[in-house]
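The values are calculated or read from the model by the stated rules, or taken from the named source; none is laboratory data. Because the structure is a prediction, the values reported are computed rather than measured. Glycine also receives a Cβ, built like all others from the backbone with ideal geometry; neighbour counts cover every protein chain displayed. Note: accessible area is taken over every heavy atom of the protein model, side chains too, but ligands, DNA and RNA are not part of it. Shrake-Rupley method; radii C 1.70, N 1.55, O 1.52, S 1.80 Å.
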Amino acid sequence: MNEYKLVFTGTTGAGKTTAINAVSETPTIKTDVANTDASLDKALTTVGLDFGQISLTNGDRIRLFGTPGQTRFDFMWKILAKDAFGIIILIDNSRADPLADMDLYLTGFLKELETIPCVIGIGRSEKNPTPGIDDFSIRLAQRNLILPVIPVDVRRAQDVILLIDILMAQTEADMI
Amino acid sequence: MDAKLHLGYMGLIKPEIDLISTILRTSSRLDNHWILVDDGECDAILTYSAEKDFSPLILKPEAPVIMIKRRGEAFSGHAFYKPFRADELIDTLILIESDEQPSLHQKNEAATNHSHTIYRLKKWPPAELLSLHKHYMLLAVYLSRGTKTLHDLTTLSGHSEDFCMQFLSLMNQYHLLDREAGRPKIAPVHLPDVAMPKKNFFSLLRHHLGLDKS
């Protein structure tokens, strides 16, 4: 039996917990507390990590980890990303500066992104079309990164599955 | 064959025109027999509209109209269904051509000439281009992870050379592609820090997630 790790990261409120819930076979184990940040429209926020799981028929397991969004917990990002087979960065496009948010996580995972497949999911882009999807690609190119950027609604399992499919495609491409 | 066949178009948007033009230019099966035109006499017309007035295009007598339809829409004549699949347009044009000319064409060597060229994306493609076909996204993903040959792309994606070549040409047309003649790399990339999954892991996970690789 092999175990693989998949990391969901992104700002507070970007939907990491929801995304894990969308594909996890077990209810997500959360470490949420009451939100004290008045700028966030949510009652609870994750301060530790979220955990979900997918089991395959051969016994292999994929552990799904959601990082805490707050930057004061950024020491945990690298711990969680170690040996991961993919990193999903979720961006909330309704926030003040989504491009800066992406920058924050790209910088936080800079070393890991040299080898670990990564995809960027942009949430709430229908109601908040600016910056556009291509603006994120341009920002990535300015950092010499070529990463898939797609609009997502993490409440829809199919959108989360597409993110995972893209990570698998990246890994397969690395194998050839 | 010396004379080109003319495929007229009406009501298409620029990315669609670019895509179809790329298909006509790069398909080895079509052997560069067709060109896309927006006026003058044509051997077939590609259109969204059922109107019979095609001006400034002039449809040759007995020449067919290829209607653009949504996939799943019932239609008895020549049709090109959205989301577009290059192989379907190619099949239709070869059928039309064979009505005009008795022999079908031999595959030329164009495709094999591409087999040793290596490609790599310069940047992630605009969303508008990727939306032209549901499978373009994954092809872009494959090309974003280091250099790949046409053969690599067909192996990874399971799509035909024509389809992958059409995608490569589109990327090249928008200056998104680095190309160079060379030998495909033999050794896989060494990624010491990554827990590289076994290949059957992907098929099992795809099955679990309800993904159809094809």
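Within chain A, helices built from complete DSSP H runs that reach 24 Å or longer along their own axis (Cα positions) and carry a mean Kyte-Doolittle hydropathy of 0.5 or higher are A:157-175.
If R₀ is 22 angstrom, what is the calculated FRET efficiency for the pair A:Lys127 and A:Asp103, using the beta carbon separation as r and rounding to 0.05?
On the way: r = 23 Å, r/R0 = 1.02.
Efficiency for this residue pair is about 0.45.
Counted over chain A, the DSSP beta bridges are approximately 30% antiparallel.
The contact residues of region A:115-158, meaning those that lose at least 50 Å² of 1.4 Å-probe accessible area when all protein chains sit together rather than their chain alone, are A:Thr115, A:Asp134, A:Ile146.
Could you work out the relative contact order of region A:55-111, using alpha carbon pairs under 8 angstrom and six or more residues apart, expressed as a whole percent? Could the numbers behind the result be given before it?
On the way: 21 pairs, mean separation 14.8, N = 57.
Across region A:55-111, relative contact order equals 26 percent.
By accessible area of protein heavy atoms, probe 1.4 Å, what ranking do B:Leu209, B:Leu138 get, highest first? Mind showing how you got there, number by number?
Values: B:Leu209 20, B:Leu138 40 Å².
Correct descending sequence by accessible area is B:Leu138, B:Leu209.
Which of rounded, prolate or oblate describes region B:1-103 when judged by the alpha-carbon gyration tensor and an a/c cut-off of 1.5? Here region B:1-103 falls in the rounded category. Taking the DSSP bridge list for the protein assembly as shown and keeping only pairs wholly inside it, about 30 percent are antiparallel. Among the GluC sites (Glu not before Pro) in region A:86-127, those placed in a DSSP loop whose Cβ has at most 16 other Cβ atoms within 10 Å are A:Glu126.
Considering only protein heavy atoms and a probe of 1.4 Å, how much of the accessible area of the protein assembly as shown is carbon and sulfur, as a whole percent? Before the final figure, lay out each step's value.
Working: 9690 of 18410 Å².
Looking at the protein assembly as shown in its full context, I get 53 percent from C and S.
With a 1.4 Å probe, how much accessible area is buried between chains B and A, both sides summed, in Å² to the nearest hundred? Please list the in-between numbers first.
On the way: alone 12870 and 9270 Å², together 18410 Å².
Result for this pair: about 3700 Å² buried.
Taking label points 7 Å from Cα along the Cα-to-Cβ direction, B:Ser49 and B:Lys134 give a separation of 3.0 nm.
Only four residue types carry charge here, +1 at the Cβ of Lys and Arg and -1 at the Cβ of Asp and Glu. Report the dipole size of region A:3-174 about the Cα centre in Debye, rounded to the nearest 20. With only Lys, Arg, Asp and Glu charged at Cβ, the dipole is about 320 debye. Protein heavy-atom accessible surface, 1.4 Å probe, per residue over region B:5-100: 47 Å². Remark: spin-label model distance B:His78-A:Met76 equals 6.2 nm, labels positioned 7 Å along the Cα→Cβ axis.
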